[in-house]
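One structure below.
The numbers here are math on the coordinates, done by the rules we state, and not lab data. As the structure is a computational prediction, the values presented were derived from the model and not from experiment. Cβ sites come from the backbone with ideal geometry, for glycine too, and all protein chains shown count toward neighbours.
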Amino acid sequence: MLKLKVEEMSCGHCVKAVTEAASSVNDVEKVEIDLAGGLVTVSGNADSAAVIAAISEAGYPAQQVG
């Protein structure tokens, strides 16, 4: 499981964009978002750097936490 702090998420559109970006990475099984906390949890065996890159390329700076 990968936990990320994602900046600049503020609405449902942001949640959709981040979910789609993370889900586009191979081996991502599930994406859960805590909009209020700015946290994204990604389940599966995806490469963490690839997930972070995909979310960042969608316009939402991301960094791993925990």
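Counting only Cβ charges, +1 for Lys and Arg and -1 for Asp and Glu, the dipole size of the chain around its Cα centre is about 120 debye. Taking only C-alpha pairs under 8 Å that are 6+ residues apart, what is the relative contact order of the chain in percent? The normalised contact order for the chain reaches 45 percent.
Rounded to the nearest 0.05, the FRET efficiency derived from the C-beta distance between Ser43 and Cys11 at R0 = 25 Å is 0.60. For the chain, would you read off the P(r) tail past 17 Å as a percentage of all alpha carbon pairs? In whole percent, the share of Cα-Cα pairs in the chain beyond 17 Å is 24.
Site pair Lys30 and Lys3 shows an inter-label distance of 1.6 nm when each label is modelled 7 Å from Cα along Cα→Cβ.
Excluding Tyr60 itself, what net charge comes from residues whose Cβ is under 10 Å from its Cβ, given Lys and Arg +1 and Asp and Glu -1? Residues close to Tyr60 contribute a combined charge of -3. The local environment of Leu39, defined by Cβ-Cβ distances under 9 Å, has a net charge of 0 under the rule Lys, Arg +1 and Asp, Glu -1.
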